[in-house]
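Encoded as C-alpha cells, the structure appears first; notes follow it.
The values are calculated or read from the model by the stated rules, or taken from the named source; none is laboratory data. Computed from a predicted model, the values in this text were never measured in an experiment. Here Cβ is always computed from backbone atoms with ideal geometry, including for glycine, and neighbour counts include all displayed protein chains. Note: areas computed on protein heavy atoms with side chains; ligands, DNA, RNA excluded. Shrake-Rupley method; radii C 1.70, N 1.55, O 1.52, S 1.80 Å.
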Amino acid sequence: MRRRTPPPPAPLPQRDGVDPVRVRLPYGGTWATVREHLVERLTGAAPGMVASMFDAGLIVGADGRSVAPDAPYEPGMFVWFHRELPAEVTVPFPVEVVYQDAHIVVADKPHFLATTPRGTHVTQTALARLRHELGIPALSAAHRLDRLTAGLVLFIVRPQERGAYQTLFRDRRVRKEYEAIAPYDPTLVLPRTVRSRIVKERGVQAAREVEGEPNAETYVELAGHRGGLGRYRLVPATGQTHQLRVHLNALGVPILGDPLYPEVTGPVPAGDFRRPLQLLARRLEFTDPVTGTEHAFTGTRTLQAWTSYDTWACGS
C-alpha cells in the first residue's frame, strides 16, 4: 500500500483571509501534462480559465515557482493557486471579539455572516474576517453556527491544538445556551426537555423529525413574555443541524424570521438584511483542554424582535 505523503506548507499567502486551493495530482490516469489534468479536473471553471492562469504564472508548485503550461504530469505532485471568487455582498455588521489569548479567540458573530467559507460565502465569513483583522492566518473554527444565527463561536489559534478543542464539542463537554424569540403560547407547558430524531438530507433545505431513537435533545424554558411574544432559553445537549429551530417549531412556536420552519419560503435576495432570524448563541462554558482554565463567555448582542418588535417587523 502506498504511504500517503503529507502536503508541504502552502507557498502562496492567504488572500483576504482565504487559503489558496491545493491540488494533489492523483496516481494513475493518462494525462501528459499538469495543465491537461487541471483542465479536466476543474470542469466547473470558465472556459479558458485554466489556460489563462498558467499563462499568467498563477499556478505554482511546492517551491513557489510557477508551473509551466507544458510541465509533465507527476503523480503525487502538489500545486496551488487562488481561485477567482465571485463578488460577495458585504455583510455590514462587525464580528466582535469577546476574548482572545494565545490559544483561542471567542467571537460574537452577527446574523447573516457564515462561520467558515462554504459555497458562495467565502470572504464574507467570520473566519476570513478574523484571520485578516487579527493577523492570524492559521486561525480555524472549533465549531459552526448557521449563517442566519448570531452569537458566540470558538476559534483556535494554533493548528496543532485544533483537535483538542474540537473534541470538546464532539464529546459534548461544552455547555451552550441560546436565546430565541417566538410566539407566546400560554397553553405550552414549560420548562421541558424535547427529544426527537432529526434527519437532514443532502440537497433538502429543511431538516425533519422522524420516528426512531432520539438523536437530538433540547431543554426549553420560557424566560419571559409580552405582547404575544415569548423569550425562550434553549440549552441543547446535542448538535443536530437546525435542532433548535426544528424543536421550537415542533412545539408550535417557530422562531421569528425563520425562512425554513414551519414552511420553506423563497430565498432572501442578497443584501436583504431585514428581519434576521431571532436566534442567538448567548453563552459558552467549557474547561480549556490546553490550559485547564474554566471559561464562561456571554455575548452582548440582543434580539431585535424583543427589544423593538416594530423596528424588526418593519425591517428598518
Practice item. Evaluate region 120-140: report whether one residue or more is open to solvent by less than 10 Å² (accessible area, probe 1.4 Å) and within 19 Å of residue 290 (Cα to Cα). Key: yes
Exercise for review: Inspect all residues belonging to region 113-131 and state whether any of them is more than 29 Å from residue 268 (Cβ to Cβ), in a loop (DSSP other than H, G, I, E, B) and not small (Gly, Ala, Ser).
Suggested key: no
Review point. Which of the residues belonging to region 165-204 are loosely packed, with under 15 Cβ neighbours inside 10 Å and hydroxyl-bearing (Ser, Thr, Tyr)?
Key: 167, 187, 193
Practice item. Select, from 281, 313, 237, 250, the only residue that is surrounded by 14 or more Cβ atoms within 10 Å (Cβ to Cβ), modelled with pLDDT under 95 and small (Gly, Ala, Ser). Key: 313
Practice item. Among the strands (runs of 3 or more DSSP E) lying completely within region 1-101, list those that include at least 2 residues that are touching a Pro at 6+ places or on another chain (Cβ under 8 Å) and surrounded by 13 or more Cβ atoms within 10 Å (Cβ to Cβ). Key: 21-24, 78-81
Check your understanding: Residues in region 233-243: is at least one of a type in the set (S, T, N, Q), over 20 Å from residue 197 (Cα atoms), in contact (Cβ under 8 Å) with a residue 60 or more places away in the chain and in a loop (DSSP other than H, G, I, E, B)?
Key -> no
Check your understanding: Take the residues of region 205-230 that are surrounded by 19 or more Cβ atoms within 10 Å (Cβ to Cβ) and within 28 Å of residue 155 (Cβ to Cβ): which is nearest to the chain's Cα centre (by Cα)?
Key -> 207
Study note, to complete from the structure: A careful count of residues in region 104-160 that are within 26 Å of residue 173 (Cβ to Cβ), out of contact with any His (no Cβ under 8 Å at 6 or more places or on another chain) and among the small types (Gly, Ala, Ser) gives 7
Check your understanding: If you take the residues of region 262-277 that are charged (D, E, K, R) and surrounded by 11 or more Cβ atoms within 10 Å (Cβ to Cβ), which of them is nearest to residue 249 (Cα to Cα)?
Key -> 275
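Results for (1) modelled with pLDDT of 95 or more; (2) of a type in the set (Val, Ile, Thr); (3) over 18 Å from residue 301 (Cβ atoms), shown as yes or no for each residue.
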{"position": "150", "(1), (2), (3)": "yes, no, no"}
{"position": "180", "(1), (2), (3)": "yes, no, no"}
{"position": "216", "(1), (2), (3)": "yes, no, yes"}
{"position": "219", "(1), (2), (3)": "yes, no, yes"}
{"position": "227", "(1), (2), (3)": "no, no, yes"}
